[in-house]
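Before any comments, here is the structure.
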Amino acid sequence: MKYLKQFLIGSCAFWYLPQFISVHDFTRPSVIHHTNPDEMYYEYTIYHPIRVGLINVLSLMMKEYFNLTVRSRFLITAILHWIGTIIFVRYYDIYRFTDEEWYTYYYRVLFYRMIQWNIIIYNLERLI
């Protein structure tokens, strides 16, 4: 039952709704940086909540196996999720960015992952 709780917390809208909003460049609202925006959006909205729910379950298993604190669990998970996201995005060539935009993307994703894991998911688990 605790793993189901972790999955539901990881797949809740508080987690992925900000990422769906961030798909657009708000300085130029008509620009979408994805190479195939229609296909990407459909797959992203279907698979992303499931993927993050599973990551949250795996992070609980990692915490129990290595006897980590809750804070270290979420810090490690945020960093691993950030690295996994970068590898996935670069391997599948999902975005059309210049070199400078790639560096901005890396920092932005790290910032999002830290907030999402260490503030949103942490507080959801603490309050539920």
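Its Kirkwood hydrodynamic radius, worked out from the mean inverse distance over all distinct Cα pairs, puts the stretch 45-114 at 13.3 Å. Counting other C-beta atoms within 10 Å, and keeping those with at most 11, which DSSP coil trypsin sites (Lys or Arg not before Pro) do you find in the stretch 74-119? Filter output for the stretch 74-119: Arg96.
Throughout, read-outs are computed from the coordinates displayed, never taken from laboratory work. Quick caveat: nothing in here was measured; it's all calculated off a predicted structure. With ideal geometry, Cβ positions are generated from the backbone for all residues, glycine too; neighbour counts draw on all protein chains shown.
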